[in-house]
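The values are calculated or read from the model by the stated rules, or taken from the named source; none is laboratory data. Because the structure is a prediction, the values reported are computed rather than measured. Backbone-built Cβ (ideal geometry, glycine too); neighbour counts: all protein chains shown. The protein model used for the area step is the full one, side chains on, heavy atoms only, and it has no ligands, DNA or RNA in it. Shrake-Rupley method; radii C 1.70, N 1.55, O 1.52, S 1.80 Å.
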Amino acid sequence: MQISDVQHKPFSKIRNFLWPIHHFELKKLVPMFVLFFLISFVYNLLRCLKITLITKAEGSSTVVLPFLKIGAVLPGALLLTYIFTLLISRFSRAQVFYTILTGFLVYFALFLFVLYPNHHALQLDTVANWLQIHVFTGQGSTGFIAAIRHLNLTVFYVLSEMWSAVVLSMLFWGFANEVTKVDQAKRFYAIFALGANFSGIFSGEFAQLIEMIPYVPMLPFDEHNQWIFFQLCSVLFIGGVIIALFYWLNKNVFHLENIQSKQMPKKSKKLSLTECFSYLAKSRYLTYMVIIVIGYNIVYNLADVMWTYRVEQVYQDSKDFNAYMNRITTITGFIAVIFAFVISGNVIRRFGWTVAALITPLIWFLTSIGFFSGLVLEKTIVFDIIGTFVSNPANLVLMLGSM
C-alpha cells in the first residue's frame, strides 16, 4: 500500500486554512515549490529585460510591441508547440525537459557573449531602410520596421516570451499534472502559485540590486548596459540550478515513489493535427476553453502594451525603465503572495475552481476602468480639472495602469 493511500486525520480548521499538507508530502512539495519559484524567477527577469531592450533600441519604441506579439510571438508559439508535441511523442517528459531547457540556455549564453555585444553590427539597417522607403511608407509601420531592423532583439524577445509558454506552462505544469494526484492538486497548486508570487518579490528586488553594482571595466558591456550582463548571467546560473533540481527530483523522489504503480493510463493512438482540430470543433467544452485562453491573451496583451507605452512616456532611460518595471513586479509579488496564502487555496477548496477562476477577470475589469478611462479622457477638459488637484495627471494614469 502506498503511503498516500493511508487514511489520515483531517486537518484542524487553522491548519486546513494555512497549511493543508501532510508531513510525508513535503519531500515532493518543497522541491517542486522551489522548481516553480526558480522558473518564475527567470520569467520575471526575462519579461522586464526583453521589453526594455526592444523598446529602448535605436529607432524603436513601444509601437513595436503589437507587431512582435502578432507577427513574431504567435508564429513562434505555434512552432515551439509543434516541436514540443513532436518531442513529447517520441521521448519521456524528463528528456523533453532537459532538451528544451538546455536549448533555451544555449541561446541565452550565445546572446550574452556574442549576439548582444555585436548588436549594432547585426542590425538590418539596409533592409529596414529599403522597406521603409519603398514598401511600408506609412507612419503606422514604424513598429514593424523597428522589429526588422533589430531582428536580433526580436528573436530574443520571442524566445524570452516562450519561456513562459513552453517552460512554465508546458514543461512544469505538464510535469506537475503527471506526478500530482487529483486530491493533492487542490492543496498543492495554490502553494505552487505562492512560489511563483514570491519569485516576483525576489526577482524585482534582485534586478534593482544588480543595477547598483559598481562598473567592472573588464566586461564586454559598457557602464550603461552592465546590468544586462549580470541579469543574463543570473538567468544562465538559475537555469543550471533548475536542471539540477529537476534531475534530483526524478532520481530521489519520483523514482522512489515508483510512478508506474499509480496505474497511469496507457497512451492512446496519437491524433494527427487535422484530427485534433476536428475533435476540438466537436467538443463544446474544449471550444469554450480555447475562447477563454484567447480572450485572456487579448486582454492581457492590450493592457500590457498600453501600460508599457505609458511607462515609456515617463521613463526615457532604459535603466530607469527597467527599474520601474521591476519595482512593479516586486509590489505585484507582495500583493499576490498575500492573496495566494490567505485567499486562493481556500477559495478553491471551499467554492471550487470556477469561482476562483472568475476572480481574476473580475478584478482586471474593475481596475482597468480607471486606467483606460484615464487614457480616453487625457486630452479632455476632465483632465484639466484633475490637473488642478494633481500636479502631474500623466503620472496618475501610469499609477492606475500599474495598479
Quick check on segment 180-189. Is at least one of its residues modelled with pLDDT under 75, within 15 Å of residue 32 (Cβ to Cβ) and in contact with a Leu (Cβ under 8 Å, 6 or more places away or on another chain)?
yes
Taking segment 307-333 and keeping residues assigned to a helix (DSSP H, G or I), open to solvent by less than 60 Å² (accessible area, probe 1.4 Å) and acidic (Asp, Glu) leaves 312
Residue 222: passes all of (1) at pLDDT below 75; (2) under 30 Å from residue 356 (Cα atoms); (3) charged (D, E, K, R) but (2)
Here the residues within segment 161-180 that are closer than 14 Å to residue 42 by Cα and small (Gly, Ala, Ser) are 164, 165, 169
Going through (1) modelled with pLDDT of 85 or more; (2) touching a helix residue (DSSP H, G or I) at 6+ places or on another chain (Cβ under 8 Å) one by one, residue 174 fails only at (1)
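Being touching an Asp or Glu at 6+ places or on another chain (Cβ under 9 Å) and either closer than 30 Å to residue 54 by Cα or open to solvent by less than 70 Å² (accessible area, probe 1.4 Å) (or both) is the requirement here; does residue 336 meet it?
Here the answer is no, as residue 336 does not meet what is asked.
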All-but-one check, residue 52 against (1) surrounded by fewer than 19 Cβ atoms within 10 Å (Cβ to Cβ); (2) closer than 28 Å to residue 220 by Cβ, failing number (1)
Going by what's in this entry, would residue 207 be described as small (Gly, Ala, Ser), open to solvent by less than 60 Å² (accessible area, probe 1.4 Å) and within 24 Å of residue 54 (Cα to Cα)?
yes
Scanning segment 55-64 for residues that are at pLDDT 85 or above and under 20 Å from the mean Cα position of the chain (by Cα), the one surrounded by the most Cβ atoms within 10 Å (Cβ to Cβ) turns out to be 64
